[in-house]
Amino acid sequence: MLRIGMAAEAESLDPPNFRISSDLIRADLIFDGLVDAAADGTIVPALATEWAPVDETTWEFKLREGVTFHDGESLDAAAVETSLERAAAADQGSAYLGVLEDVEVVDDLTVRLHLERPYAAILNNLTVPVAGIQSPAALAEHGDDVSRHPVGTGPFQFVEWQLDTKLVLAANPDYWGGAPALDRVEFIPIPEASTRLSALRTGSLEVIENPSPDEIPGLGSSGLAAVVEPKARPIFLGFNVEEIPDVRVRTAIAMALDKEAIVDAVLEGLGTPATESLVTPEFRGEAAAVGIAYDPDGAKALLEEAGATGLSLRVVLPTERYLRDTAVMEVIQAQLAEVGITLELDIRDSGAWYQALLDRDTELYWLGWGLNSYDPGDLFTRVFATGAVNNMSQLAAPDVDALVGELESAAVGSEERAAIVSELERLVVEEHVAVVPIYHSKNLFAVAADVEGFHTTPGEMLDLSATTVG
């Protein structure tokens, strides 16, 4: 059994209706999609063994034979049709699959996905857990309550969920990819980093998320080990541009923030200052640097020019959703105070924090956006396009929208797409100043001495395929 201490409780195990990214980490173990992504972003088979475009707006997928859902029902084309069409209509699911017009059942093991228009990133979007295939029987039986009764085809199957206590998954002995070595996985929500580490040291847990950076050097003396691996998630301070409409004020705030000092003082090297990009550097190629330089004197002058001296603002942030959130924000608070801005910290649990962002009940907000699809264009499509569900900044910029439109036909991984992403970064960060990138995060876990083969993916999922305990 593997017990994992997580900073946040899950909100929903219905993938296309997920609430926070921690939901997807759990759901990824329960559900499979048609395709998956390797660590380098290469698209690889999952429930589909082969696929090919039929024309500009149609993709055909051949399904794997002999796969069953955890409830014993067989995977077939009709199940894919039900699941993907439902996902495409969901609020969160539509951000990835809204381009899907319908799914055609060709035969029991063949489906065709018909898109409303050509869409270059469709395969990448199908790798995200929101596109996981769900049991039609479970959907029919549980309806809106299916988030508490998830049934997929993945390596682990749902057993029970005691809210704020534990989520229990058991190995799927009939998994098409081979039964896991672990017989059971439990996710235990523990918001406090010190409490998580104490539980790991006493043997109550085998793995914990986000141990405190200052504890990392001493893990070895306790027989523990840190797992620090690449992660495709920028962490940024966002502006609600309707609440802070003057771009000079937003620019001044960006100029007041010393990102290197934040990372050095709080994260102790377990993150990279986002001084030159919003998109995770590994996804940018040779793109030009993007960002607003640290200049507190310039910030003061710009605030005076805008008539915004003595400004008081509120930022909404979560309790330990990301690494040392409160401590990071306290440094930001102190840096803004140096240029005459008072920052009130509105700290909420993960569910209430994210709901505030969805409700746009913010002036400033704290957010990390994972590139789960391994496509940097996803960040702009889902977070900065006008009217997007996750456009927490309420940015409505025609130049941004026009470039987001161009992404639809630019092949993932192409020089054309990289150039579009680079210009989008410049517009969002430097011209419209919708967000201030603060740092690029890493997957950070600590494991007990008897845990072997525990790994993470750049898309933030847990790779338990070779994990053993004892």
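The values are calculated or read from the model by the stated rules, or taken from the named source; none is laboratory data. Predicted model, so just to flag it, every value in this text is computed and none were measured. Quick reminder, even Gly has a Cβ in these numbers, built from the backbone with ideal geometry, and neighbours come from all protein chains shown.
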Inset, instruction - Under 6 Å between Cβ atoms, at least 6 apart or on separate chains: pull out the pairs that start in the range 427-454 with a residue that is closer than 14 Å to Ile208 by Cα and among the small types (Gly, Ala, Ser) and end on any residue that is assigned to a strand (DSSP E or B) and modelled with pLDDT of 95 or more. - result: Ala446/Ile208; Ala446/Ala226
Inset, instruction - May I ask you to list pairs of residues, at least six apart or on different chains, whose Cβ atoms are under 6 Å apart, with the first in the range 385-405 being in the same structural domain as Val429 (by TED's automatic domain parsing) and part of a helix (DSSP H, G or I) and the second being of a type in the set (Val, Ile, Thr) and surrounded by fewer than 19 Cβ atoms within 10 Å (Cβ to Cβ)? - result: Asp401/Thr386
Inset, instruction - Output the number of residues of the range 360-384 satisfying the condition of being under 17 Å from Phe18 (Cβ atoms), in a loop (DSSP other than H, G, I, E, B) and out of contact with any strand residue (DSSP E or B) (no Cβ under 6 Å at 6 or more places or on another chain). - result: 3
Inset, instruction - Mind counting the residues in the range 204-255 that are among the charged types (D, E, K, R), assigned to a loop (DSSP other than H, G, I, E, B) and in the same structural domain as Thr386 (by TED's automatic domain parsing)? - result: 3
Legend entry - Cβ-Cβ under 7 Å pairs, at least 6 apart or on other chains, the range 21-44 side at positive phi, far side in a loop (DSSP other than H, G, I, E, B): Gly41/Tyr374
Inset, instruction - Quick one: which residue in Glu406, Glu363 is out of contact with any Gly (no Cβ under 8 Å at 6 or more places or on another chain), more than 26 Å from Ile347 (Cβ to Cβ) and of a type outside the set (Phe, Trp, Tyr)? - result: Glu406
Legend entry - Residue satisfying all of: in the range 34-46; surrounded by 16 or more Cβ atoms within 10 Å (Cβ to Cβ) and over 13 Å from Gly154 (Cα atoms); modelled with the highest pLDDT among these: Ile43
Inset, instruction - Filter the range 47-77 down to residues that are surrounded by fewer than 17 Cβ atoms within 10 Å (Cβ to Cβ) and β-branched (Val, Ile, Thr) and give me whichever is farthest from the chain's Cα centre (by Cα). - result: Val54
Inset, instruction - Under 8 Å between Cβ atoms, at least 6 apart or on separate chains: pull out the pairs that start in the range 129-150 with a residue that is part of a helix (DSSP H, G or I) and end on any residue that is among the acidic types (Asp, Glu). - result: Pro129/Asp28; Pro136/Glu73; Ala137/Asp71; Ala137/Glu73; Ala138/Asp71; Val146/Asp14; Ser147/Asp14
Inset, instruction - Enumerate the helices (runs of 4 or more DSSP H) found wholly within the range 1-105, keeping only those where 3 or more residues are outside the structural domain of Asp359 (by TED's automatic domain parsing) and under 30 Å from Val447 (Cα atoms). - result: 21-30
Inset, instruction - Looking only at the range 172-194, decide whether some residue is aliphatic (A, V, I, L, M), in a strand (DSSP E or B) and outside the structural domain of Glu416 (by TED's automatic domain parsing). - result: yes
Inset, instruction - For residues that are within 23 Å of Ser12 (Cα to Cα) and of a type in the set (D, E, K, R), scanning just the range 84-132, find the one that is surrounded by the most Cβ atoms within 10 Å (Cβ to Cβ). - result: Arg86
Inset, instruction - Check Ser277 against each of (1) within 22 Å of Leu424 (Cβ to Cβ); (2) of a type in the set (S, T, N, Q); (3) modelled with pLDDT under 95 and name the one condition it does not meet. - result: (3)
Inset, instruction - Just need a number here: residues in the range 406-440 that are assigned to a helix (DSSP H, G or I) and among the hydroxyl-bearing types (Ser, Thr, Tyr). - result: 1
Legend entry - Neighbours by Cβ (under 7 Å, 6+ apart or cross-chain): first from the range 223-240, within 17 Å of Tyr354 (Cα to Cα); second basic (Lys, Arg): Phe239/Arg250; Asn240/Arg360
